[in-house]
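**Q** Sharing a structure below in structure tokens format, with a few things to ask.
What follows draws every value from the coordinates through simple rules; no lab data is involved. Just so we're clear, the structure is a prediction, and the values are computed from it rather than from any experiment. Note that each Cβ is placed from the backbone with ideal geometry, even for glycine, and that neighbours are counted across all protein chains shown.
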Amino acid sequence: MEINAQLKYAHIAPRKMRLVIDMVKGRDVTEAELVLGNLIKRGAAPVLKLLKSAKANASNNFQLDESGLYVKDIRVNAGPVTKRMMPRAFGRGATIRKRMSHVALVLEQRDGAAVPAKKRKENQPVVRNALAEDLKSDMTDQEKGEGRTLSKKKVRRTGRFTPRIFQRKAI
């Protein structure tokens, strides 16, 4: 059974909202909530609110178990555009387009056993989901520092004109 939810007239450009929904598509609802809760994008908060609303609709209206739900489909369509003017030189005016988005979310119940996650592409980095226990765990200062140091080697590029202009000292 499909559960539909919509968010209309969100004052965020569809292009920026698509960056957020691509992180959620195909995931379990609990996993998607974790991702959206930790995402540092302005579009994450309204999409998280929409996801929680759809999850509540599934449990209250259709008596479905929340643990078996996943995001089947999520789409962003362009909404209306409000136009403003910005004064420019010589008495001209430049238009500023303030775009809006419509988000459509579809949840569905997984059949029986857990479906394996999507295979990642070869060049795509592995992203580990942070659970609440991971964030609260006590780590020593030495463990926190491991693997996070960056090498401070200076990379010299030859044959390029641009980097040489901005260097203070000649190498």
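**Q** What is the calculated FRET efficiency for Lys49 to Phe90, with r their C-beta to C-beta distance and R₀ = 41 Å, to the nearest 0.05?
**A** The computed FRET efficiency comes out at 0.35.
**Q** Under 13 Å from the Cβ of Ala45, count the other residues' Cβ atoms, weight Lys and Arg +1, Asp and Glu -1, and hand me the total.
**A** Charge balance near Ala45 sits at +4.
**Q** Something else: Among Lys55/Lys98; Lys8/Lys72; Lys25/Lys52; Lys25/Lys83; Lys49/Lys83; Lys72/Lys98, which pairs are too far apart, with a Cα-Cα distance over 24 Å? Spell out each step's value before the answer.
**A** Numbers: Lys55/Lys98 30 Å; Lys8/Lys72 19 Å; Lys25/Lys52 15 Å; Lys25/Lys83 31 Å; Lys49/Lys83 28 Å; Lys72/Lys98 30 Å.
From Lys55/Lys98; Lys8/Lys72; Lys25/Lys52; Lys25/Lys83; Lys49/Lys83; Lys72/Lys98, over 24 Å: Lys55/Lys98; Lys25/Lys83; Lys49/Lys83; Lys72/Lys98.
**Q** Sorted from fewest to most neighbouring beta carbons within 10 Å, what does the list Met17, Met23 look like?
**A** Met23, Met17
**Q** State the extension gain, in nm to one decimal, for the chain segment bounded by Asn57 and Asp73, taking 0.36 nm per residue of separation less the distance between their alpha-carbons. If you can, show how the numbers build up before the last one.
**A** Working: separation 16, 0.36 × 16 = 5.76 nm, distance 1.62 nm.
Gain on extension, Asn57 to Asp73, equals 4.1 nm.
**Q** Can you sort Ile74, Ile40, Ile3 from fewest to most other Cβ atoms within 10 Å of each residue's own Cβ? Spell out each step's value before the answer.
**A** Working: Ile74 25, Ile40 5, Ile3 21.
So the residues, fewest neighbours to most, are Ile40, Ile3, Ile74.
**Q** Same structure again: So how far apart, in nm, are the two label points at Arg42 and Asp111 if each is 7 Å from Cα heading toward Cβ?
**A** That separation, rounded to one decimal, is 4.2 nm.
**Q** Quick one: Asp65, Asp73, fewest Cβ neighbours within 10 Å first, how do they rank?
**A** Asp65, Asp73
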